[in-house]
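Only one structure is covered here, and it is reproduced in the block below.
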Amino acid sequence: MRRKITSALLGLGILGSTLAVATGSAQGHGYADSAISRQQLCGNRTVQNCGQIQWEPESVEGYKGFPSRGPADGQICSGGLGRFSELDDPRGGAWPTTKLNAGQSHSFSWWIKVRHATTDFRYYITKDGYNPNKPLTRADLEPQPFLTVPFGGARPDSVVRHSGVLPQKSGRHLILGVWTIADTQNAFYACSDVRF
């Protein structure tokens, strides 16, 4: 009897270890709240048929170093994570948009579940002529972020707000927010569909 219990406990330990390795960073860490990100739209059920991201919108974590490194083109909104591929699906350009005013100040915010030492937050925007009917690529984005907020390794609060002036754009665009972590090899990615 004792041998059976020991074997069962050992089996559960191995299973638990296997699940921890297989799921990677499933605990999640944070996402863009303003302008509202695709993962938040899925998490609050505004958008349906989102797959796993609806249960962990704070988990879009991929390699840092964007744009020279990080998720592959066409997989940027999911952070390169196949289990969140619904975020890369353009849905025929039908993702809900946040209305913004070009050239005006906007308060960007992130909801942070795990407060990591942070290098910076960077915001990229799509070029004029952006096609919202296809997955996001680096070629779709302006080469430089329009806003960079350095953190110098500090840990952010559970809600982070910072203001910046929006670029002169018109029509539909996408803002890519990148939260770069200082003490890991990763960053968090958030795509926000906007209309100027």
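Within the set of pairs 6 or more residues apart or between chains, which connect a residue that is in contact (Cβ under 8 Å) with a residue 24 or more places away in the chain and farther than 19 Å from Ser105 by Cβ inside the stretch 120-140 to a residue that is among the hydrophobic types (A, V, I, L, M, F, W, C) and surrounded by 20 or more Cβ atoms within 10 Å (Cβ to Cβ) with Cβ atoms less than 6 Å apart?
Thr126/Leu141; Thr126/Leu174; Leu136/Ile76; Leu136/Cys77
Considering only residues that are crowded, with 18+ Cβ neighbours inside 10 Å and in contact with a Leu (Cβ under 9 Å, 6 or more places away or on another chain), which ones fall in the stretch 116-129?
Phe121, Arg122, Tyr123, Tyr124, Ile125, Thr126 - these are the residues of the stretch 116-129 that are crowded, with 18+ Cβ neighbours inside 10 Å and in contact with a Leu (Cβ under 9 Å, 6 or more places away or on another chain).
Conditions tested, residue by residue: (1) in contact with a strand residue (DSSP E or B) (Cβ under 6 Å, 6 or more places away or on another chain); (2) acidic (Asp, Glu); (3) under 21 Å from Gly51 (Cα atoms).
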position: Asp89; (1), (2), (3): no, yes, yes
position: Pro96; (1), (2), (3): no, no, yes
position: Asn101; (1), (2), (3): no, no, no
position: His116; (1), (2), (3): yes, no, no
position: Phe121; (1), (2), (3): yes, no, no
position: Lys127; (1), (2), (3): no, no, no
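Exactly one of (1) assigned to a loop (DSSP other than H, G, I, E, B); (2) out of contact with any helix residue (DSSP H, G or I) (no Cβ under 6 Å at 6 or more places or on another chain); (3) not basic (Lys, Arg) is unmet by Gly62. Its number?
Failing condition for Gly62: (1).
Of everything in the stretch 76-102, what is more than 15 Å from Ile175 (Cα to Cα) and surrounded by 14 or more Cβ atoms within 10 Å (Cβ to Cβ)? Give them in sequence order.
The initial filter retains those residues of the stretch 76-102 that are more than 15 Å from Ile175 (Cα to Cα), namely 80-86, 89, 91-92, 94.
Correct list: Gly80, Leu81, Arg83, Phe84, Ser85, Glu86, Asp89, Arg91.
Scan the stretch 106-115 for residues that are in contact with a His (Cβ under 8 Å, 6 or more places away or on another chain) and crowded, with 20+ Cβ neighbours inside 10 Å and jot them down.
Phe108, Ile112
Is it the case that some residue within the stretch 142-149 is out of contact with any helix residue (DSSP H, G or I) (no Cβ under 7 Å at 6 or more places or on another chain), buried (at least 19 other Cβ atoms within 10 Å of the Cβ) and not small (Gly, Ala, Ser)?
In the first step, residues of the stretch 142-149 are kept if they are out of contact with any helix residue (DSSP H, G or I) (no Cβ under 7 Å at 6 or more places or on another chain); the result is 142-149.
This time we only want the ones that are buried (at least 19 other Cβ atoms within 10 Å of the Cβ), so: 145, 147.
Of the ones still in play, those that are also not small (Gly, Ala, Ser) are 145, 147.
So far as the stretch 142-149 goes, yes, one or more of its residues are out of contact with any helix residue (DSSP H, G or I) (no Cβ under 7 Å at 6 or more places or on another chain), buried (at least 19 other Cβ atoms within 10 Å of the Cβ) and not small (Gly, Ala, Ser).
Grab the strands (runs of 3 or more DSSP E) fully contained in the stretch 117-170, keeping just those with 1 or more residues being within 16 Å of the chain's Cα centre (by Cα) and among the acidic types (Asp, Glu).
Values: elements: 118-125, 147-150, 159-165.
Per the criteria, 118-125.
Please determine whether any residue of the stretch 24-43 is within 30 Å of Gly164 (Cβ to Cβ), touching a helix residue (DSSP H, G or I) at 6+ places or on another chain (Cβ under 9 Å), at pLDDT 85 or above and not in a helix (DSSP H, G or I).
Going through the stretch 24-43, the residues within 30 Å of Gly164 (Cβ to Cβ) turn out to be 25, 27-43.
If we keep only those that are touching a helix residue (DSSP H, G or I) at 6+ places or on another chain (Cβ under 9 Å) as well, we get 31-33, 37-39, 42-43.
Filter once more, so that each one left must be at pLDDT 85 or above: 37-39, 42-43.
Filter once more, so that each one left must be not in a helix (DSSP H, G or I): 37.
Looking for residues that are within 30 Å of Gly164 (Cβ to Cβ), touching a helix residue (DSSP H, G or I) at 6+ places or on another chain (Cβ under 9 Å), at pLDDT 85 or above and not in a helix (DSSP H, G or I), one finds at least one in the stretch 24-43, hence yes.
Do the conditions hold for Ala154, that is, is it surrounded by fewer than 21 Cβ atoms within 10 Å (Cβ to Cβ) and closer than 19 Å to Phe66 by Cβ? Even if it seems obvious, please write down each step before you answer.
Numbers: surrounded by fewer than 21 Cβ atoms within 10 Å (Cβ to Cβ): yes; closer than 19 Å to Phe66 by Cβ: no.
Taking the combined requirement at face value, the residue does not satisfy it.
Taking interchain pairs and intrachain pairs at least six residues apart, which have beta carbon atoms under 9 angstrom, with the first residue in the stretch 163-182 and on the phi > 0 side of the Ramachandran plot and the second part of a loop (DSSP other than H, G, I, E, B)?
Gly171/Asp128; Gly171/Tyr130; Gly171/Phe196
The values are calculated or read from the model by the stated rules, or taken from the named source; none is laboratory data. Small disclaimer: the values here were computed from a predicted structure and weren't measured. All Cβ positions, even for glycine, are placed from backbone atoms using ideal geometry, and neighbour counts span all protein chains on display.
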